[in-house]
Amino acid sequence: MFKGFTRFLHNQEEQVKTLLDPQESVATLSPRIIPRSEHPVSRQHISDAALKVLYRLNGAGFEAYLVGGCIRDALLGKMPKDFDVATNATPEQVRDLFRNSRLIGRRFRIVHVRFGREVIEVTTFRGKPQDEHGENIAHQSDAGLLLRDNVWGSIEEDAVRRDFTVNALYYNIADFSLHDFANGARDIESRTLRLIGDPATRYREDPVRMLRAVRFAAKLDFTIEPATEAPMYDLAPLLLQIPPARLFDEVLKMFMSGHGLATFRLLSHYGLFGMLFPEAEEAMADAAWAEKLIEFALANTDKRIAEDRPVTPAFLLAAFLWAPVAQRQAELESEGMPAIPALQTAAQEVVSRQLEHTSIPKRFGMPMRDIWELQTRLPLRRGKRAFQTREHPRFRAAYDLLLLREQAGEIPRGLGDWWTAFQQGDEHEQRRLLQKVGADPASQGDRRRKRRRKPSRSSE
């Protein structure tokens, strides 16, 4: 942490009013202003695209602030990647200012301003959901779930609506100061994750906040404050109200950011993982290797991300759901169904149930099924089969899953070592390996069945 910023935090004698009391009136709140000389956030940390948006809004007479994770990461000494802008301009006014923008969202309308591949997300200050402003109103379900939220308000009201204190820090482009309404700077200093407002109420408004709490805690190595974590155990089933497509987006954020293993353990601790992957949760209760397989797969993915190597959600999904597929396949085979049809039927049943919880786009679902199917082909190595299997587009992912299955204790070791040697060996070594399983490609050849010739009329 930077010296000037730390000194500012510890030299404040008067505590600013926090927003942790849901009854607190935002009209009486004033932010803690941290001047530029006392914090490390610099325009050098901000992308040119974000600066263009901030300056154009400010030049048009609107308030313009950077807010959220980019400020949090900068205070933690990390280089921000995504930049979100908050303003008092309405979505329509923002769209009029930027030709390269478009309105998105129904639950809460926002504007995406595109600069090449970079997208700057611009949101209008949100008001209290109970208020009505003409046609812009908020709708909540009887259970408290926020269904639509297009009520605009002031920056003070917007700060109350933020989820965590560490995400409620605003960087003012007008004078480069930080506005801290919720003691977020202190929580960053103590590495504490704390919800703004009553946690149970905020989770009922949007149950995805429980997943965000886990993701931030794992990503930032923060401790979830006791009052913030307490309702999770009982309110986890609220995630069943969330559309599967939105939950799949959250799954990608949680497991494809390089902190998947820590995230998985927190999700399991709070009873949230079973709301996302119920089949996997049930399989882990029946087989000890199932949980090990998931942990090994996540550790492998985290390592690849750290090394800047490519990863795909299809592999993780295949690992998450392999145990229920394998268990169901075994049941069908015991009933007399052949192995391949049993696998296909089991996969269909497991995926159908999974789609009720998280969607799986075809671009990931089809490779996932290929990885599963290859698990039945990897043991078959006679003749040219080994070479054909090795040339399959999903071979490498299937081979990785095979190694993890052996490591987790589902199947005996040996087959993975054979395939490792087969990939690394030269032609002579490959021939030797194939002879060990009872086949020589030179002698087997590409024998085609000779079609029986019809007898000629003369011979008749």
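The values are calculated or read from the model by the stated rules, or taken from the named source; none is laboratory data. Keep in mind that what you see is a predicted model, and the values were worked out from it rather than measured. For neighbour counting, all protein chains shown are included, and Cβ atoms are generated from backbone atoms with ideal geometry for every residue, glycine included. Note: areas computed on protein heavy atoms with side chains; ligands, DNA, RNA excluded. Shrake-Rupley method; radii C 1.70, N 1.55, O 1.52, S 1.80 Å.
Couple of notes before you dig in:
- More than 25 angstrom apart: percent of Cα pairs within region 31-190: 29
- The label-point distance for D221 and E331, in a model that sets each label 7 Å from Cα toward Cβ, rounds to 4.3 nm.
- Subset of K81/K303; K81/K292; K303/K384; K52/K128 violating a 22 Å alpha-carbon distance limit: K81/K292; K303/K384; K52/K128
- Rounded FRET efficiency, nearest 0.05, which uses the C-beta distance separating A245 from E307 and R0 of 25 Å: 0.25
- Solvent-accessible area of F364, all protein chains in place: 30 Å² (probe radius 1.4 Å, heavy atoms, ligands and nucleic acids excluded).
- Karplus (6.51, -1.76, 1.60) ³J(HN,Hα), θ = phi - 60°, over region 95-100, in Hz, Gly and Pro reported as x: 4, 5, 7, 10, 5, 8
- Per-residue ³J(HN,Hα) for region 162-171, Karplus 6.51 cos²θ - 1.76 cosθ + 1.60, θ = phi - 60°, Hz, x for Gly and Pro: 4, 7, 10, 4, 6, 9, 10, 10, 10, 9
- Taking the centroid of alpha carbons for each part, region 353-371 and region 284-323 are 15 Å apart.
- Our estimate of slack between S30 and A230, defined as 0.36 nm per intervening residue step minus the Cα-Cα distance, is 69.1 nm.
- Amide H contacts under 5 Å for G153, placed H, 5+ residues apart: F125, R126, G127
- Loop-located trypsin sites (Lys or Arg not before Pro) across region 30-98 with a Cβ neighbour count of 16 or fewer within 10 Å are K78, K81, with loop assigned by DSSP.
- With the convex hull constructed from alpha-carbon coordinates only, region 244-339 shows a mean projected area of 6.9 nm² over all directions.
- Förster radius 30 Å - calculated FRET efficiency between A174 and R117, Cβ distance, rounded to 0.05: 0.55
- Difference of contour (0.36 nm per residue) and Cα-Cα distance, D417 to N100: 108.8 nm
- Among L415, L343, the sequence by solvent-accessible area, most first, with a 1.4 Å probe is L415, L343.
- Per-residue SASA entry for T420, accessible area with 1.4 Å probe, Å² rounded to 10: 40
- Spin-label model distance (nm) - M366 vs S257, 7 Å beyond Cα toward Cβ: 3.0
- Working from label points 7 Å from Cα in the Cα-to-Cβ sense, the Q407 to F387 distance is 3.1 nm.
- Per-residue HN-Hα couplings for region 71-84 [Karplus 6.51, -1.76, 1.60; θ = phi - 60°; Hz; x = Gly/Pro]: 6, 4, 5, 5, 5, 8, x, 9, 7, x, 10, 10, 10, 10
- Legend: P(r) of region 266-393 from all alpha carbon pair distances, 5 Å bins from 0, whole percents, reading 2, 10, 17, 21, 22, 16, 8, 3, 1, 0, 0.
- Taking all protein chains as they are arranged and a probe of 1.4 Å, the heavy atoms of L240 leave approximately 100 Å² accessible to solvent.
- Applying both filters, DSSP loop and at most 12 other Cβ atoms within 10 Å, to the GluC sites (Glu not before Pro) of region 337-387 gives E356.
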